[in-house]
Structures are given as C-alpha cells and as structure tokens.
C-alpha cells in the first residue's frame, strides 16, 4: 500500500521560503501558481523533469568519450613533446611512484563521471517503467549522486597532472588539450542533469512528469 504524499493531499512546499501551500493560485505570478508568502512560482513536481534530465544526460554521455580519448595536456620541451590523456597521465603517475595521485585522478575523472551517468540513467529508466520496488534505495542513490557531484572539480585534477608531469618550470611549454573542454562539459552537464531530476517522482504511485 502506497503511503500518502503531500502532492496527493493537495499541498506544495515552496522551495524559496519553506511555506506549505495549498494547491491553487495562491499569489498569481504571470498566470502561474505562486507561494502565498513570497510569491515564488511553485510546482508539485519540477516541470518536464524527465525529458530535461534525459537530454542533459545524453549530451554528457556523448562528450564522455572525447573527454577520455583526446589529449588533456600537450607538453613540449627541449627533451621532446608529450600528449597525455587522463588515462595516460594517471598511468604515468603510477609508473613514477605517485600511485595515490594516480588513483585519485582515475576515480574522480573516469569512474565517478561514468558512475553518475549510469546511475542517473537507471533512475530515469525506473521511473519511465514505473517500477515500484526499492524506492528507498533509489532515493539514497540519488542523494549519493548529489554528494559526488560536489567533488567534480576539474581544475584540481588538471593542476595535479601538470605539477607532476612538468618538473622544470619555465623550460616546458604546456597547452591544454581539447579533452579539458569536453571533460569540463561532462562535469557541468551531469551536475545540471542531477539538478533537473526530481527525486519525488520515485515515490509517486504513477509518476507524471508535468
């Protein structure tokens, strides 16, 4: 038996001021329901959550491949030139004894974005198929994805690769490769997809994306 929800009882929480509103016009703003206290436009569910999340997720998945295949750093010096992808940079660090840094780069730059893509895709599929099982586990999975997104700071990992690969400052010339832009876009798009997804749809008996 499904537990009652606020939306089912005709109640909507304002995300701006936290007031619980009755479903209805409240304070009308441009013809849309607004919060009775602050006038913020409110919705029982995020509008068009599923298609927005899917579009952002597909864009991130497309950019994930060039982010890991193309070079992220191009280094040239009197001793030669080097083009490193995220993976080859991690392998270089590992072979030179900096295995903790290599593990951090592998996990944060390869495994975490892939895990976020797969997890969000699984959540979207579960709502599309209207699965009713393991709702608590799926809600916890979403909260975990939110927390992981805060660790996706591209500049830290790029700086880590640069500081290790380039030992002689002023001798080598460093250029950021095309993978940096793709990787940054993947991070931003997955964070936007996480924000666009409405976890309340997990608990709805018959999810309707409005």
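The values are calculated or read from the model by the stated rules, or taken from the named source; none is laboratory data. Just so it is clear, the model here is predicted, and its values are computed rather than measured. Quick reminder, even Gly has a Cβ in these numbers, built from the backbone with ideal geometry, and neighbours come from all protein chains shown.
Overview of values
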quantity: Residue in segment 71-90 that is loosely packed, with under 14 Cβ neighbours inside 10 Å, free of Cβ contacts under 8 Å to residues at least 60 places away in the same chain and part of a helix (DSSP H, G or I) present; calculated: no
quantity: Total residues in segment 1-15, condition modelled with pLDDT of 70 or more and either surrounded by 13 or more Cβ atoms within 10 Å (Cβ to Cβ) or touching a strand residue (DSSP E or B) at 6+ places or on another chain (Cβ under 8 Å) (or both); calculated: 5
quantity: Matching residues in segment 94-118 - criterion: being buried (at least 18 other Cβ atoms within 10 Å of the Cβ) and under 30 Å from residue 48 (Cβ atoms); calculated: 112, 113, 116, 117
quantity: Residue satisfying all of: in segment 23-48; modelled with pLDDT of 75 or more and farther than 28 Å from residue 192 by Cβ; surrounded by the most Cβ atoms within 10 Å (Cβ to Cβ) among these; calculated: 36
quantity: Pair list, Cβ < 8 Å and 6+ apart or interchain, from segment 134-148 residues that are on the phi < 0 side of the Ramachandran plot to residues that are surrounded by 12 or more Cβ atoms within 10 Å (Cβ to Cβ) and outside any helix (DSSP H, G or I); calculated: 135/203; 139/203; 142/197
